[in-house]
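The values are calculated or read from the model by the stated rules, or taken from the named source; none is laboratory data. All values derive from a computational prediction rather than experimental measurement. Every residue, glycine as well, gets a Cβ built from its backbone with ideal geometry; the counts of neighbours run over all protein chains shown.
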Amino acid sequence: MTILAFDWGLVIEKLILIAVVVFGSLGIALYTTFGERKVAAILQDRPGPNRAGPFGLLQPLADGIKLIMKEEIIPTAANKWLFILGPGLAMTASLMTCAVIPWGSDIELFGRKIALQIADINIGILYVFAVVSMGVYGIMIGGWASNNKFSLMSSLRAASQAISYELAMGLALIALLMTTESLSLKTIVQQQVQGSWWNIVYQPLGFLLFFIAALAECNRTPFDLPEAENELNFGYHQEYSSMKLGFYLFAEYINMIMSSAIMASMYFGGYDLPFFDESTVAPNIAAMIGVGTLLIKIVLFIFLFMWIRWTIPRFRYDQLMNLGWKTMIPLALFNLLITGALILANS
Amino acid sequence: MSTVDILFYLLSAFAIVSATMVLISKNSIHSVLWLILVFFAISGHYILLNAQFLAIVNIIVYAGAIMVLFLFVIMLMNIKKDAEPQKQLLVKLTGVIAGGSLLTLLIAVVKQTIQIQGKQVLLKEGSIGLIHPLGKALFSDYVIPFEISSVLFLSAMVGAVIIGKK
């Protein structure tokens with residue numbers, strides 16, 4: 001049987017890794033919703049959720065149970081299949097990003113060298129872009145299938161916003177890729193582990209543009225125009241109820257975690273703990289320290305996302321488009337030219 | 001049959017079924033969604049040929065950007081299947097005959113091409129589809145066509161901006 005001539009150990013190892021990463025992100029996303037409410041409460045000087053369990057720690061579970069137990073409504077005028085497909089697609093697309101993120105350095109277990117990354121492909125960062133551009137279909141299909149004009153308007157907004165800011169994001173990224181000369185996230189992180197500086201030092205403007213574009217791609221305030229409830233009632237998920245609505249809301253949090261992980265890996269050294277020589281400890285312990293470092297960086301980024309959300313009001317739609325096309329894209333092009341000139345001057 | 005063969009047949013079947021569904025779907029939104037699946041199948045073929053860069057760019061540009069704009073237009077135009085004008089039987093028949101002849105011609109031409117006769121497809125090997133060789137080829141051997149096509153894109157962009165300003 002040549003068909004089954006795989007390295008079965010590798011398959012099992014990857015399956016375990018996928019399960020850990022996917023369920024880990026779902027768990028973190030669950031508690032990000034709790035974190036969001038607590039951060040909002042702190043910023044607005046109120047206690048926040050504190051009834052379910054100690055310090056309100058069981059609140060996400062209560063919310064989850066509530067969402068699952070609620071009545072499932074599919075509007076009669078909706079396109080049934082696409083209505084169901086929409087939230088599934090949004091969730092799948094946001095979880096697929098985790099495949100290329102390097103979570104730590106290699107560990108050794110049962111005599112095997114296991115990479116803490118699901119797939120180290122040589123086009124890693126482009127894969128992220130492809131998945132991000134798929135994510136908008138979940139919103140568009142859901143909005144259209146609801147057969148509600150507010151949902152449709154909102155999903156069209158979401159799509160045009162995503163496309164506009166993807167351009168600025170891509171241009172900001174090209175400048176970084178010119179300095180790293182690789183598209184593999186693993187290589188980019190390892191360059192930062194071995195080199196003396198993180199990429200943020202070389203690309204401060206690029207990072208700022210990337211961060212703003214990431215805010216817009218995740219539909220977070222001040223860019224949450226698709227959910228502008230004063231204009232659009234509730235947004236593209238207006239007709240959704242029960243866990244389908246939960247999937248849309250959850251996908252947003254997973255997107256936030258994944259974009260934090262990408263930003264930490266691209267600009268802030270990934271799993272690199274600063275001022276610490278990983279070669280002084282055993283490889284497995286070094287890998288665990290690396291995973292912990294990356295998780296702390298992710299949590300800090302998520303906090304930044306929340307801090308911005310509860311501080312800055314929402315843009316108007318024309319302001320959003322002006323910022324994207326007339327400020328960020330020219331700045332990204334300028335950044336690209338400067339980076340190119342500096343590389344040319346150094347070579 | 002190796003794993004690559006199985007994947008090839010699966011992807012081909014997937015592509016052909018999706019492409020057929022593009023044609024026979026009554027709802028134009030469904031057609032667009034099936035077309036996106038066709039692009040995914042083609043990207044799968046690129047990956048089998050070890051052209052990962054091409055595969056992912058195919059998804060980003062076609063499935064990710066162009067098809068979103070298609071969806072945009074169709075959703076805004078709100079095309080209803082009843083309101084669409086039906087063509088006459090004679091016109092439909094003519095279309096089938098013309099399209100079938102074109103298909104036969106294309107297959108005949110491709111089958112007789114000397115460059116591919118007796119050659120095998122390089123599955124899982126070959127590096128021209130990877131980003132480094134592709135970049136080198138584009139900026140050394142094919143630099144003039146590459147630059148000309150970018151001028152073409154630039155002029156299209158300028159045209160779009162001018163039309164948009166009217």
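For this structure, a couple of remarks:
Yes/no per residue for (1) touching a Cys at 6+ places or on another chain (Cβ under 6 Å); (2) modelled with pLDDT under 85; (3) not small (Gly, Ala, Ser):
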position: A:Ala286; (1), (2), (3): no, yes, no
position: A:Gly290; (1), (2), (3): no, no, no
position: A:Leu304; (1), (2), (3): no, no, yes
position: A:Gly324; (1), (2), (3): no, no, no
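- Qualifying residues in segment A:1-19 (those that are within 14 Å of chain B (Cβ to nearest Cβ) and over 19 Å from A:Phe110 (Cα atoms)) - the one modelled with the lowest pLDDT: A:Met1
- Qualifying residue in segment A:250-264 (condition: outside any helix (DSSP H, G or I) and either buried (at least 22 other Cβ atoms within 10 Å of the Cβ) or within 14 Å of another protein chain (Cβ to nearest Cβ) (or both)): no
- Meets criteria (within 14 Å of chain A (Cβ to nearest Cβ), surrounded by 10 or more Cβ atoms within 10 Å (Cβ to Cβ) and part of a helix (DSSP H, G or I)) for B:Gly135: yes
- Evaluation of B:Ser25 against the conditions (1) facing chain A (nearest Cβ under 10 Å); (2) over 24 Å from A:Ile121 (Cα atoms); (3) among the small types (Gly, Ala, Ser) shows that the sole unmet condition is (1).
- Single unsatisfied condition, A:Ile125 versus (1) out of contact with any Lys or Arg (no Cβ under 9 Å at 6 or more places or on another chain); (2) within 9 Å of chain B (Cβ to nearest Cβ); (3) crowded, with 20+ Cβ neighbours inside 10 Å: (2)
- Condition met for A:Ala158 (touching a Pro at 6+ places or on another chain (Cβ under 7 Å), within 11 Å of another protein chain (Cβ to nearest Cβ) and of a type outside the set (Asp, Glu)): yes
- Extreme residue, nearest to the chain's Cα centre (by Cα), among residues of segment A:41-63 that are surrounded by 15 or more Cβ atoms within 10 Å (Cβ to Cβ) and within 15 Å of A:Arg309 (Cβ to Cβ): A:Ala41
- Failed item, numbered, when A:Ile163 is tested on (1) aliphatic (A, V, I, L, M); (2) under 30 Å from A:Asn346 (Cβ atoms); (3) surrounded by fewer than 21 Cβ atoms within 10 Å (Cβ to Cβ): (2)
- Selection count where residues are without any contact (Cβ under 8 Å) to a residue 12 or more places away in the chain and facing chain A (nearest Cβ under 7 Å), scope segment B:58-75: 5
- Considering each residue of segment A:167-189 in turn, at least one proves to be in contact (Cβ under 8 Å) with a residue 40 or more places away in the chain, over 21 Å from B:Ser31 (Cα atoms) and within 8 Å of chain B (Cβ to nearest Cβ).
- Remark: pairs (first residue in segment B:3-25, farther than 13 Å from B:Phe39 by Cβ; second residue at pLDDT 90 or above; Cβ separation under 7 Å; 6+ apart in sequence or on different chains) = B:Met21/B:Trp34; B:Ser25/B:Trp34.
- Only residues that are in a loop (DSSP other than H, G, I, E, B) and touching a residue at least 24 places away in the same chain (Cβ under 8 Å) were counted across segment A:49-103, and they come to 11.
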